[in-house]
1. Of the conditions (1) surrounded by 14 or more Cβ atoms within 10 Å (Cβ to Cβ); (2) over 20 Å from Arg6 (Cα atoms); (3) of a type in the set (Lys, Arg), Arg35 clears all except one; give me its number.
2. Within region 41-56, track down each residue that is in contact (Cβ under 8 Å) with a residue 12 or more places away in the chain and assigned to a helix (DSSP H, G or I).
3. Only one of these is modelled with pLDDT under 90, over 22 Å from Gly7 (Cα atoms) and surrounded by 15 or more Cβ atoms within 10 Å (Cβ to Cβ): Leu40, Leu44, Leu56, Leu23. Name it.
Amino acid sequence: MINVERGWLWRAVDDGGEVLDILVQCRRSARAAKRFFRKLLKGLRRVPCAIVTDRLASYAAAKAVVMPTVAIMSQNSAEHRVEFTPLARKN
C-alpha cells in the first residue's frame, strides 16, 4: 500500500440506530473530539441529554467544554460508537 494514511472514524448514532454524522480525522484527541461534537451539534435540532461512548478520555474532555450539561456514559462496545440521544430541545 502506497500513500495510505490511517484515520479514525467518528460516527454519531441516535438511540434509534440512525447515523447522525460521520467524520474521518487523523487524530483521536480531545481537540478532534471537540471538532466532531461542534460539527454534529450544528446539524441537530435538539441538544442531546446523554451520550454513550467507549472509554476514550478525549470524549469526556471535549464534552466538558462543548456540552457541559450533557450526561456521559461509558460502555465497551465492539462498534465503539458515540451515541447521541436527542431528547432536550435546543434553545
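1. (2)
2. Restricting attention to region 41-56, the residues satisfying the condition of being in contact (Cβ under 8 Å) with a residue 12 or more places away in the chain are 41, 43-56.
Listed by number, the residues that qualify are Leu41, Gly43.
3. Numbers: Leu40 fails: over 22 Å from Gly7 (Cα atoms); Leu56 fails: over 22 Å from Gly7 (Cα atoms); Leu23 fails: over 22 Å from Gly7 (Cα atoms).
It is Leu44.
The values are calculated or read from the model by the stated rules, or taken from the named source; none is laboratory data. The model shown is predicted, which means the values in this text are computed figures rather than measured ones. Cβ atoms come from the backbone with ideal geometry, glycine included; neighbour counts cover every protein chain shown.
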